[in-house]
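Enquirer: So that we are looking at the same thing, I have put the structure below in C-alpha cells.
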Amino acid sequence: MTLTYRFLVGLAGAGSAAILLGAFGFQYIGGLEPCAMCLWQRWPHAIAIGIAALGLTVPRAFFALAGALNMAVSAGLAIFHSGVERHWWIGPSSCTSRGVDLTAGDCGLLDPTCGSAIVLCDQIPWAMFGLSMANYNIFGSLVLMVIWLMAAKRALSRFGNI
C-alpha cells in the first residue's frame, strides 16, 4: 500500500478526531470533567480536522505543513500541562491549587447542592501505566505531526508547490 498524500491527510484528521472522541468519551460517558488546560488541548485537534478537510479538498503542502505546526502546538500544550500535573513548574493560577479560592461565592464550602466541582490542572485525575491523558496527548500529537510532515513531503514531491 502506498502512503499517498490524501491517505496521510485523512489519517491525520481521523487521528485527531479519535483523540477528541476519546476526550469527550471520558467526559460524557466516564464522568471525568476536564480542567481548563485539558480543554486547551482539544482545540488543536478540532482545528486539525478542519485542516484535513481543506487539505483533502485542495491538496497542497501548505495544509499539511499547517497541520504539522498545529500538532506541534498541541504537543507543546500537552507538555506544559504534563509539567504542571507533575509539579515540575507552576501552571496558571486560575486552574491550579495555588489559585483556587474555596471561600468565594454564595455557597458554603461543604454544600454539595451548590455550584460545580472544581477541576484543578495540577492534579492527575486518571492515569494508565503511570501516564496521564496529557502525557498520552504528547505522544499522539507527535505521531500526528510526523504523519502531517509525511503528507507535506508527498505533496511537495507530487504537486511541486506549497
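The values are calculated or read from the model by the stated rules, or taken from the named source; none is laboratory data. Not measured: the values here are computed from a predicted model. Because the Cβ atoms are built from the backbone with ideal geometry, glycine has one as well, and the counts that use them run over all protein chains shown. Please note that ligands, DNA and RNA were not included when accessible areas were found on the heavy atoms of the full protein model with its side chains. Shrake-Rupley method; radii C 1.70, N 1.55, O 1.52, S 1.80 Å.
Enquirer: Scan the stretch 128-162 residue by residue and report those that are more than 17 Å from LEU21 (Cα to Cα), of a type in the set (Val, Ile, Thr) and at pLDDT 90 or above.
Expert: Of everything in the stretch 128-162, those that are more than 17 Å from LEU21 (Cα to Cα), of a type in the set (Val, Ile, Thr) and at pLDDT 90 or above turn out to be VAL143, VAL146, ILE147.
Enquirer: Looking for something among the hydrophobic types (A, V, I, L, M, F, W, C) and touching a His at 6+ places or on another chain (Cβ under 7 Å) - is there at least one such residue anywhere in the stretch 10-28?
Expert: Among the residues of the stretch 10-28, at least one is among the hydrophobic types (A, V, I, L, M, F, W, C) and touching a His at 6+ places or on another chain (Cβ under 7 Å), which makes the answer yes.
Enquirer: Taking the criterion of being touching a Pro at 6+ places or on another chain (Cβ under 8 Å) and crowded, with 21+ Cβ neighbours inside 10 Å, would at least one residue in the stretch 123-140 satisfy it?
Expert: So far as the stretch 123-140 goes, no, none of its residues is touching a Pro at 6+ places or on another chain (Cβ under 8 Å) and crowded, with 21+ Cβ neighbours inside 10 Å.
Enquirer: Let me confirm something: among ALA53, ALA12, which residue is within 16 Å of ASN137 (Cα to Cα) and either open to solvent by 40 Å² or more (accessible area, probe 1.4 Å) or in contact (Cβ under 8 Å) with a residue 40 or more places away in the chain (or both)?
Expert: Just a single option satisfies the conditions, and that option is ALA12.
Enquirer: Of everything in the stretch 57-80 that's open to solvent by less than 10 Å² (accessible area, probe 1.4 Å) and modelled with pLDDT of 95 or more, which residue is nearest to TRP126 (Cα to Cα)?
Expert: Among residues in the stretch 57-80 that are open to solvent by less than 10 Å² (accessible area, probe 1.4 Å) and modelled with pLDDT of 95 or more, the one nearest to TRP126 (Cα to Cα) is ALA78.
Enquirer: In the stretch 141-156, what count of residues is obtained for those that are open to solvent by less than 50 Å² (accessible area, probe 1.4 Å) and not aliphatic (A, V, I, L, M)?
Expert: 2
Enquirer: Return the residues of the stretch 1-40 that are at pLDDT below 95, under 24 Å from ALA151 (Cβ atoms) and among the polar types (S, T, N, Q); say none if nothing qualifies.
Expert: Passing the criteria: THR2, THR4.
Enquirer: When the residues of the stretch 87-102 are filtered to those that are farther than 15 Å from PRO34 by Cα, open to solvent by 80 Å² or more (accessible area, probe 1.4 Å) and not acidic (Asp, Glu), which remaining residue is modelled with the lowest pLDDT?
Expert: My answer is LEU102.
Enquirer: Related question: Across the stretch 23-34, what is the total count of residues that are assigned to a helix (DSSP H, G or I) and under 14 Å from ALA127 (Cα atoms)?
Expert: Going through the stretch 23-34 one residue at a time, the tally reaches 2.
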